[in-house]
Amino acid sequence: MRAAGRGGVEEAMGKREGAVTARGGGGAGRRAGGAPAAAGGGGSPAGRIPGGGAGGAGGAAPPALRGLSIETRGLRVSLDGTEILKGIDLAVRGQRITGVIGPNGSGKSTLLKTFYKAIAPSGGEVLLDGEPVRRIPQKALARQLAVLPQQRESPQGLTVEETVFMGRYPLKGFMGVFTAEDREAVRDAMGRLDLARLADREFSSLSGGERQQVLLARALAQDTPWLLLDEPTNHLDIRSQLRILEFLKDLDKRIVVVFHDLSLASKYCDRLLVMKGGLIVADGTPEEVVTARLLSEVYGVSASIIPHPEVGRPVVIL
Amino acid sequence: MTGLRKAPLPLWTGALAALLALALALSFCLGEVDIPLRDILGLLGSEENPLMREILLNLRLPRALAGAACGWSLAVCGTAMQAVVKNPLADPYLMGISSGAGLGAATSILWLGAAGPALPLAAFAGALGAGALVFAMGAASRAPVWRLILAGLAMNVLCSSLTGLLVYYNPDPQRLQMLSFWLMGSLAPATWGNIAFPGASALAGGVFFWSQSRNLNLVSLDDDEALSLGADPRRLRLAYLAWAALMTASVTAYFGIIGFVGLVIPHITRFLVGFDHTRLVPVAALGGALFMVAVDVVARTTAEAEIPLGVLTGAVGAPFFFWLLLKPARRGGRE
């Protein structure tokens, strides 16, 4: 299963160029960035084009492959009478790290939560590898999507090792005992994030950066093709931020990450989705999306954008 | 402390089961008439002393088992409730079960003067009625957990004031005394006939919650996190609340309100074996049973008249709890 998953990633990685070319040809990324209002409609080109480019390829893949695509169709979410998502059409496939950026309250976290059924849509649907998630049982879904949630309180007494072991729960049946394979997966995940020394520490006693590493290890132990992250660098110092992001960069998974920091998003993501007011208003490579114009239109701030001296990606200078 | 927390589960359950057996044996021997353990088999085997035999078999044995069932149920339900509402202050009576049972008992005792089969039935009905109302108001699948807590709090106040009203308008001192004994909890009414139901519910509930221990771990987390790990806390919570209400109501109906066990035992257990419910549930179950049987022995033997159980659990439990709260948090603290 693991090997098959990797194969899927590589194959889909190969198709990435195609998808990007198709989008470049349509000029959708730029168009959407320039005209947020026009991109608002449910079936606007901005949301669809990347998906359309690789759609046929995804459908032709053998069923054993995992981690091919996450799509949304006309996705709407209302909470307490307020419409948070107002019709999102997008397709994530091919790109290894997809970033979701946008101002506070634009619906980024909500979008991510619909992927793993933490929030039920009021309209439209989410498809995982072509299958509506509402038809996938929660446990089966947890074998496909691992999530690094926003940081909150954790229960008293819970240790680091117990936390990482929770990543194996979705792979276990009713009362299934942990096997050598489970223990190995946990040890491996903790080793990769250098957590062995913290194994018996209480999770609630850790620093913010250590907590994120533990949750990341839990997500690795979950052994999923997808990893969703909700503002993983919030409240972290710059060293911890880079540590997490550098780790993600080399990870053999499809990643969707919600970001606050535009420069970090631009440096580490292959594709950026920009949200505002419950809609996707721009979609493209960091170079296409992170522009002075976007900053003024989406965030209402004026700032300069310069290319990163080493990697060339746009950096925001305030 | 890490040593204790890492000790394998069979070691814990084995040691506690042995201690529980010892406590049961003590409870068997000690009472108004002390009987040395070595004489017990002889007494049971012969017809020489039918009175002693009667005391042993039909009073002390069911009473000891009733204590075990009460402690077991309250500790397991307390553990589950603390996980479900993600709050260390939760206990089995959170859903208004205790005051609902109290209201039922007050109705039965003060109006009907009944101590017979009507009393547990009325208390059970009151407990489940209060629990069901709180459940309906506070446990809707999207409702935040604090709504359940507040609904339970309000239900406790309502039932207590209704009970107060009944007491106020009932001048019969004998009945009032009976009610006040019931409200403080006692294992004295235990017979073979009335421990069957609480005993069965304790066993069934214990097995159920143990089988759910990984899900209990997950519902202790934020809902989003539990969902991302494959458990649907919104659905699980409803099942756990219903089971806990039923288990608590079935012991409370027969043996009254025994406070603090359901709050303290889960905390002590967590302190000893850690957070993981695969360990927490069985150790709390046995620990609760052990604690209750031991407290009942003390209640029966230290004073001339029997001390009410609820009074004693509170008197023993609270100071220990203070100690637990005040002692420096060394577990897992930063080195």
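A few points about this structure:
- Legend: translational diffusion of the protein assembly as shown by Stokes-Einstein, Rh = Kirkwood radius over C-alpha pairs, 37 °C, 0.692 mPa s; D = 118 µm²/s.
- FRET E, pair A:ASP250, A:ILE306, Förster distance 30 Å, beta-carbon r, rounded to 0.05: 0.70
- Average beta carbon contacts from partner chains per residue of B:206-217, 10 Å cutoff: 2
- The modelled label-to-label distance for the pair B:ASP34/A:ASP80, using points 7 Å beyond Cα in the direction of Cβ, is 6.4 nm.
- 10 Å Cβ neighbours from other chains, averaged over peptide A:169-182: 2
- Residue of B:ARG63, B:ARG214, B:ARG38 that the Gaussian network model of chain B assigns the largest fluctuation, springs spanning Cα pairs under 10 Å: B:ARG38
- For segment B:11-69 versus segment A:146-164, the inter-centroid distance based on Cα atoms is 45 Å.
- When only Cα pairs below 8 angstrom with a gap of at least 6 residues are kept, chain B shows a relative contact order of 30 percent.
- Segment B:65-320, Rg to Rh (Cα coordinates; Rh as Kirkwood inverse mean 1/r): 0.97
- Dividing the summed -39500 (n - 2.57) terms of all DSSP H runs of n ≥ 4 by the residue count of the protein assembly as shown sets its mean residue ellipticity at 222 nm at -17500 deg cm²/dmol.
- Gaussian network model of chain B, Cα within-10 Å springs - most flexible of B:ALA245, B:ALA303, B:ALA139: B:ALA303
- Number of partner chain Cβ atoms within 10 Å, mean per residue of B:219-225: 6
- GNM top mover of B:LEU183, B:LEU216, B:LEU57 - chain B, alpha-carbon springs below 10 Å: B:LEU57
- Legend: helices of chain B (whole DSSP H runs) are marked when their alpha-carbon atoms reach 27 angstrom or more along the helix axis and their mean Kyte-Doolittle hydropathy is at least 0.0; marked are B:9-29, B:61-84, B:118-138, B:145-168, B:192-211, B:233-255, B:277-301.
- Projecting the Cα positions of B:GLY256, B:LEU165, B:LEU94 onto the charge dipole of the protein assembly as shown (unit charges on Cβ atoms of Lys, Arg, Asp and Glu, taken about the Cα centre) puts B:LEU94 furthest along the positive direction.
- Count of lysine pairs in the protein assembly as shown with Cα separation under 16 Å (8 or more residues apart, or interchain): 10
- Alpha-carbon centroid distance for the pair segment B:158-208 / segment A:282-315, whole angstrom: 70 Å
Every read-out reported here was derived from the displayed coordinates using simple, explicitly stated rules and does not represent laboratory data. The shown structure was predicted, so the numbers you read here are calculated from the model rather than taken from an experiment. Note that each Cβ is placed from the backbone with ideal geometry, even for glycine, and that neighbours are counted across all protein chains shown.
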